[in-house]
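Peer 1: So that we are looking at the same thing, I have put the structure below in structure tokens.
The values are calculated or read from the model by the stated rules, or taken from the named source; none is laboratory data. A quick note: this is a predicted structure, and the numbers were derived from the prediction, not measured. A quick note on method: Cβ atoms are made from the backbone with ideal geometry, for glycine too, and the neighbour counts reach across all protein chains shown.
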Amino acid sequence: MENTPNLKLPYILPSQAQKHVTHNEALQRLDTVVQLAVLDRDIATPPASPAEGARYIVAAGAASDWAGHEGKIACLLDGAWEFTAPAEGWIAWVADEGVLLAWDGSAWRAVSSGDGVTLEELADGTVKEIGINTATDVNNRLAVKADGVLFSHDDVTPGTGHMCATLNKADAAKDAGFVFQTNWSTRALFGTLGDNSFSLKVSPDGNSFNTGFNVRPDDGHVGLAGYTADANNDLGVKGTNVLFDRRANHMRININKNASANDASIGFQSGYSARALAGLLGNNNFTVKVSPDGTNYFTGLTVDGTNGVVSQNNLPRAVAGMNFNQTVPPGDAHLISLNSSISNPMNMFDPSRSRITVPVTGLYLVNYTGYFYVEAGTTIQTLQLYKNGAPTSPNAAAIGGGVYITLASSMGIPLNAGDFLELHGGSSGVQSVAMGSNFCFSVIYVGPSAV
């Protein structure tokens with residue numbers, strides 16, 4: 001054997017002359033490959049003015065004096081280029097890149113990237129970049145190419161059993177989050193994005209993003225489908241339609257309150273100003289309220305929580321009576337002087353004018369009953385409804401004299417807001433007496449109607 005098996009250094013043979021030549025060749029080879037640091041690995045022809053002992057890794061496409069020596073170590077010795085073929089596992093430092101390379105038997109592979117990895121960095125944990133099965137770049141100092149990445153708890157003391165990944169950002173306006181991509185185009189973002197709220201955003205094209213949800217850091221309030229969580233609403237949803245579907249057969253939504261005096265309700269708004277409330281409002285009755293301005297409310301419907309009785313609190317209605325006996329002169333119809341409010345929740349009845357005025361346009365049910373004493377000599381007694389000072393039909397009438405008679409009528413009549421109704425009575429012959437305690441005049445709103 002004339003050479004060493006690893007570095008191929010020539011042995012000095014016993015019978016060899018000029019042994020110093022062999023020894024010097026061995027020293028030159030050692031000087032070339034020991035503590036191997038090359039100046040460059042990207043040039044394919046000799047540099048213009050290399051220094052004695054300068055070393056390079058010959059790049060692909062080698063020409064001139066380097067032709068045919070791709071991948072070898074070229075070293076300038078005594079003005080001539082000497083080439084050394086690397087063996088598997090050799091390590092070389094590339095000075096112009098700050099990269100550590102290793103020869104794998106067929107090519108030089110990067111052991112470190114970027115500014116490289118020093119022993120000091122490995123020792124104190126300040127490694128600048130790590131690429132696992134892929135290269136790093138200026139934006140991604142840690143890069144991994146794999147089907148999966150596992151982060152597990154440390155099950156050996158002093159491990160606590162926990163596993164936490166921490167993402168820190170410089171200030172609220174920056175991002176700390178995860179990016180999910182399809183073919184390198186972003187389709188979802190997850191984290192504290194541009195502020196300190198926690199949000200999920202998705203994108204159909206990698207350019208425009210839609211917010212799926214965000215959570216306010218101040219109180220944990222949640223916004224869904226593009227609604228920005230705020231201080232007033234624990235949950236906000238922005239959308240056109242919302243569906244709650246049954247899991248099996250039933251689907252129930254429950255709204256719970258702390259005590260009877262609290263509210264459990266649904267509000268309806270226009271331009272973020274409340275216009276209706278429905279639910280248990282300050283008690284355990286089911287109530288519907290409406291508002292013209294978001295401040296003043298009118299109760300439209302109440303269902304008693306103890307018996308289910310329905311009350312239309314602001315249903316336009318009035319019931320009027322009379323608490324005295326009125327003498328009705330003979331001749332044309334005279335105003336019956338109704339002066340007693342039996343039911344007048346909306347102040348429709350004016351006892352000073354003996355009339356009922358309707359507040360809204362619609363169809364009304366009108367009932368009236370009158371009781372008269374008709375003196376002898378009277379042939380006809382009438383009781384008629386007047387609208388805005390003019391008679392309507394039908395006209396309740398009775399024939400007789402020297403007797404007590406009852407006149408009554410019931411009708412549905414369309415009215416406009418502001419129309420007023422009165423009762424007028426008359427007799428032929430002599431006077432009659434309207435017996436007050438037996439008079440009743442009621443007007444009740446039924447519903448909308450074209451007038």
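Peer 1: How many residues are in a strand (DSSP E or B) and under 22 Å from residue 332 (Cβ atoms) if we restrict to the stretch 412-451?
Peer 2: Going through the stretch 412-451 one residue at a time, the tally reaches 12.
Peer 1: Looking at (1) at pLDDT below 95; (2) exposed (fewer than 13 other Cβ atoms within 10 Å of the Cβ); (3) not assigned by TED's automatic domain parsing to the domain that holds residue 436, find the lone condition where residue 299 falls short.
Peer 2: Tallying (1) at pLDDT below 95; (2) exposed (fewer than 13 other Cβ atoms within 10 Å of the Cβ); (3) not assigned by TED's automatic domain parsing to the domain that holds residue 436, residue 299 fails exactly one: (2).
Peer 1: Let me ask something additional. Of the residues 333, 276, which single one is surrounded by 15 or more Cβ atoms within 10 Å (Cβ to Cβ) and outside the structural domain of residue 384 (by TED's automatic domain parsing)? Give the steps one after another, and end with the answer.
Peer 2: Values: 333 fails: outside the structural domain of residue 384 (by TED's automatic domain parsing).
From the options 333, 276, the qualifying one is 276.
Peer 1: Would you confirm whether or not the stretch 179-195 contains a residue that is among the aliphatic types (A, V, I, L, M) and more than 29 Å from residue 243 (Cβ to Cβ)?
Peer 2: Initial filter on the stretch 179-195 (among the aliphatic types (A, V, I, L, M)): 179, 188-189, 193.
In the following step, the residues that additionally are more than 29 Å from residue 243 (Cβ to Cβ) were identified as 179.
The answer is yes; a qualifying residue exists.
Peer 1: Now for a different question. Among the residues of the stretch 168-188, which ones are farther than 22 Å from residue 222 by Cα, part of a loop (DSSP other than H, G, I, E, B) and either in contact (Cβ under 8 Å) with a residue 24 or more places away in the chain or touching a strand residue (DSSP E or B) at 6+ places or on another chain (Cβ under 7 Å) (or both)?
Peer 2: Within the stretch 168-188, 168, 169 qualify.
Peer 1: Right, something else. With the structure loaded, tell me whether residue 273 is under 29 Å from residue 199 (Cβ atoms) and in contact (Cβ under 8 Å) with a residue 12 or more places away in the chain or whether it fails that test.
Peer 2: Spelling it out, residue 273 is indeed under 29 Å from residue 199 (Cβ atoms) and in contact (Cβ under 8 Å) with a residue 12 or more places away in the chain.
Peer 1: Okay, next question. In this structure, does residue 175 turn out to be surrounded by 10 or more Cβ atoms within 10 Å (Cβ to Cβ) and at pLDDT 90 or above?
Peer 2: In short, yes.
Peer 1: Scan the stretch 264-281 for residues that are more than 20 Å from residue 312 (Cα to Cα) and either hydroxyl-bearing (Ser, Thr, Tyr) or assigned to a strand (DSSP E or B) (or both) and jot them down.
Peer 2: Answer for the stretch 264-281, where residues must be more than 20 Å from residue 312 (Cα to Cα) and either hydroxyl-bearing (Ser, Thr, Tyr) or assigned to a strand (DSSP E or B) (or both): 264, 269, 270, 272, 273, 274.
Peer 1: Which of the numbered conditions does residue 241 fail, given that it passes all the others? Conditions: (1) surrounded by 14 or more Cβ atoms within 10 Å (Cβ to Cβ); (2) under 21 Å from residue 272 (Cβ atoms).
Peer 2: Result: residue 241 passes all but (1).
For (1) within 30 Å of residue 265 (Cα to Cα); (2) buried (at least 16 other Cβ atoms within 10 Å of the Cβ), each residue gets a yes or a no:
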position: 207; (1), (2): no, no
position: 210; (1), (2): no, no
position: 221; (1), (2): yes, yes
position: 235; (1), (2): yes, no
position: 248; (1), (2): yes, no
position: 252; (1), (2): yes, no
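Peer 1: Residues 428, 442, 437, 409: which one is in contact (Cβ under 8 Å) with a residue 12 or more places away in the chain and farther than 27 Å from residue 316 by Cα?
Peer 2: 428
Peer 1: Now for a separate question. Where the second residue is among the basic types (Lys, Arg) and the first is part of a loop (DSSP other than H, G, I, E, B) and lies in the stretch 282-311, which pairs have Cβ atoms under 8 Å and are six or more apart or on separate chains?
Peer 2: Once the first residue is part of a loop (DSSP other than H, G, I, E, B) and sits in the stretch 282-311, its partners that are among the basic types (Lys, Arg) give 291/275; 292/275; 294/275; 297/289.
Each row is one residue, and each column tells you yes or no for (1) out of contact with any Gly (no Cβ under 7 Å at 6 or more places or on another chain); (2) modelled with pLDDT of 85 or more; (3) under 23 Å from residue 90 (Cβ atoms).
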position	(1), (2), (3)
20	yes, no, no
23	yes, no, no
26	yes, no, yes
56	yes, yes, yes
62	no, yes, yes
66	yes, yes, yes
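Peer 1: Still on this structure, please answer the following. Suppose the filter is touching a residue at least 60 places away in the same chain (Cβ under 8 Å), in contact with a Ser or Thr (Cβ under 8 Å, 6 or more places away or on another chain) and of a type in the set (Val, Ile, Thr); does residue 357 pass it?
Peer 2: So residue 357 does not fit the description; no.
Peer 1: Could you tell me which numbered condition residue 207 fails, if it satisfies all but one of (1) under 30 Å from residue 178 (Cβ atoms); (2) at pLDDT below 95; (3) among the polar types (S, T, N, Q)?
Peer 2: Condition (2) is where residue 207 drops out.
Peer 1: If I ask for residues that are part of a loop (DSSP other than H, G, I, E, B), hydrophobic (A, V, I, L, M, F, W, C) and either within 60 Å of the chain's Cα centre (by Cα) or modelled with pLDDT of 95 or more (or both), which ones from the stretch 29-50 would you list?
Peer 2: Answer for the stretch 29-50, where residues must be part of a loop (DSSP other than H, G, I, E, B), hydrophobic (A, V, I, L, M, F, W, C) and either within 60 Å of the chain's Cα centre (by Cα) or modelled with pLDDT of 95 or more (or both): 39, 43, 44.
Peer 1: Regarding residue 408, is this residue crowded, with 16+ Cβ neighbours inside 10 Å and part of a strand (DSSP E or B)? Outline the logic, then answer.
Peer 2: On the way: crowded, with 16+ Cβ neighbours inside 10 Å: no; part of a strand (DSSP E or B): yes.
No: the conditions fail for residue 408.
To keep it simple, each residue is scored yes or no on (1) under 60 Å from the mean Cα position of the chain (by Cα); (2) modelled with pLDDT of 90 or more; (3) among the charged types (D, E, K, R).
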residue	(1), (2), (3)
367	yes, yes, no
370	no, yes, no
375	no, no, yes
379	no, no, no
388	yes, yes, no
394	no, no, no
400	no, no, no
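Peer 1: Answer with yes or no whether residue 320 is in contact (Cβ under 8 Å) with a residue 24 or more places away in the chain, surrounded by 11 or more Cβ atoms within 10 Å (Cβ to Cβ) and part of a strand (DSSP E or B).
Peer 2: Yes; evaluated as a whole, the condition is true for this residue.
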